[in-house]
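Asks: Mind looking over this structure? Questions follow.
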Amino acid sequence: MTYRRRATALHAARAAAGLAYCLALALAALLLSGPVALGALALAVLGAAAVVGSRRELRRAVAFAAGLGLMVMLVNALVTRDGLTVIWRLGNLPVFGQTDVTLEATVYGAILGLRAAVLVLCGFLYTVAVDPDEVLRLFRRVSFRSALTATLSTRMVPILLRDSRRLADAQRCRPGPPPSRLQLIQAATAGVLDRALDAAAALEVRGYGAGRAPAQARDPWSRHDLAFGGAAVLIAGLAIAGRASGWAPLNAYPALHAPVTPSQVALAAGLLTCALAPFAGRRGVEV
């Protein structure tokens, strides 16, 4: 999954607005635990991901997120001993000991799994819709060489894969046990970072990027920039307000208590609206 310019509103927005939008969605997923609000947030992130990504990329991201969420739910149900409502007695397992699966642990594990899935989709949203070169350009004043090195490193991912395969082939020709994958990745990554650092230093000496700031940084914010920037502020504000005021409570232990209140429904509707409303503006969207 890589960034490719597409005709969507999020692609038309500048990197600062897109980055703030993705971070706000991730922050809301971390702060909220109520099933109604978190479910609405999951629908919002999934809808945004469906707009900005291709079908093949979206299927892969959803499959990975669903698998990770299911794994988190199962682990929490097996490991957690809290909860009063036993739904399955597994007996004495070799690693876990006496294991009784409770409804409370299963539901709370499902909430944790849903949160993990939303965070994965937020990462997918950032990867396919926010230009990484523009994001790194935001940190030029902090360290230009570091930003340039990171940019070149990401561009050298195909070289990293080729170096890994060549190192693995060379190691198989030597006697003795083969190296682990971690050792191969460490060796190949070190080589790519060294190449990127050398290239960054050479480009900096030749005056790369020493001219005026990019045109986009000097232009006023467009309607898409304002829409996604405002949506990020509203989403973060709703999430912080919901967490501080207890609008989306979830008390799983010792007994499950997750009431659906009007404030939860209003919070869920607000999150869904703020997350998807910026995509309604199609004017000025071009590849």
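Asks: Residues that are at pLDDT 85 or above, surrounded by 22 or more Cβ atoms within 10 Å (Cβ to Cβ) and closer than 21 Å to L256 by Cβ: does region 13-25 have at least one?
Replies: The answer is no; no qualifying residue exists.
Asks: Take A29 and tell me if it is loosely packed, with under 14 Cβ neighbours inside 10 Å, within 15 Å of the chain's Cα centre (by Cα) and part of a helix (DSSP H, G or I). Spell out how you get there, then give the answer.
Replies: Numbers: loosely packed, with under 14 Cβ neighbours inside 10 Å: no; within 15 Å of the chain's Cα centre (by Cα): yes; part of a helix (DSSP H, G or I): yes.
Here the answer is no, as A29 does not meet what is asked.
Asks: Can I ask one more? Return the residue satisfying two criteria in turn: it lies in region 110-136 and is more than 16 Å from A61 (Cα to Cα) and buried (at least 21 other Cβ atoms within 10 Å of the Cβ), and of such residues it is modelled with the lowest pLDDT.
Replies: Among residues in region 110-136 that are more than 16 Å from A61 (Cα to Cα) and buried (at least 21 other Cβ atoms within 10 Å of the Cβ), the one modelled with the lowest pLDDT is V130.
Asks: Looking at (1) charged (D, E, K, R); (2) at pLDDT 85 or above; (3) closer than 12 Å to T80 by Cα, which one does E104 not meet, given that it meets all the others?
Replies: (2)
Asks: Let me ask something else. Would you mind telling me which numbered condition in (1) surrounded by fewer than 15 Cβ atoms within 10 Å (Cβ to Cβ); (2) in contact (Cβ under 8 Å) with a residue 40 or more places away in the chain; (3) assigned to a helix (DSSP H, G or I) R56 fails?
Replies: Condition not satisfied by R56: (2).
Asks: For region 64-77, name all the residues that are of a type in the set (A, V, I, L, M, F, W, C), surrounded by fewer than 19 Cβ atoms within 10 Å (Cβ to Cβ) and free of Cβ contacts under 8 Å to residues at least 40 places away in the same chain. Talk me through it step by step, then tell me what you get.
Replies: First, pick out the residues of region 64-77 that are of a type in the set (A, V, I, L, M, F, W, C): 64-66, 68, 70-75, 77.
Narrowing the set further to residues that are surrounded by fewer than 19 Cβ atoms within 10 Å (Cβ to Cβ) leaves 64, 66, 68, 70-71, 74-75.
Selection gives L74, V75.
Asks: Which residue is farthest from V36 (Cα to Cα), if the candidates are limited to region 79-110 and must be outside any loop (DSSP other than H, G, I, E, B) and touching a Ser or Thr at 6+ places or on another chain (Cβ under 6 Å)?
Replies: Per the stated criteria, the residue is L93.
Asks: While we're on this one: For region 174-254, give me every one of the helices (runs of 4 or more DSSP H) that falls completely inside it and has 3 or more residues that are at pLDDT 70 or above.
Replies: 181-205, 223-245
Asks: Also, I was wondering about something else. If you take the residues of region 88-101 that are at pLDDT 75 or above and either hydrophobic (A, V, I, L, M, F, W, C) or closer than 21 Å to L27 by Cβ (or both), which of them is surrounded by the most Cβ atoms within 10 Å (Cβ to Cβ)?
Replies: Restricting to residues being at pLDDT 75 or above and either hydrophobic (A, V, I, L, M, F, W, C) or closer than 21 Å to L27 by Cβ (or both), the top hit is V101.
Asks: Do we find that A61 is in contact with a helix residue (DSSP H, G or I) (Cβ under 9 Å, 6 or more places away or on another chain), without any contact (Cβ under 8 Å) to a residue 12 or more places away in the chain and either of a type in the set (A, V, I, L, M, F, W, C) or not in a loop (DSSP other than H, G, I, E, B) (or both) in this structure?
Replies: No, not satisfied.
The values are calculated or read from the model by the stated rules, or taken from the named source; none is laboratory data. Remember, predicted model here, so these are calculated numbers, not experimental data. Quick reminder, even Gly has a Cβ in these numbers, built from the backbone with ideal geometry, and neighbours come from all protein chains shown.
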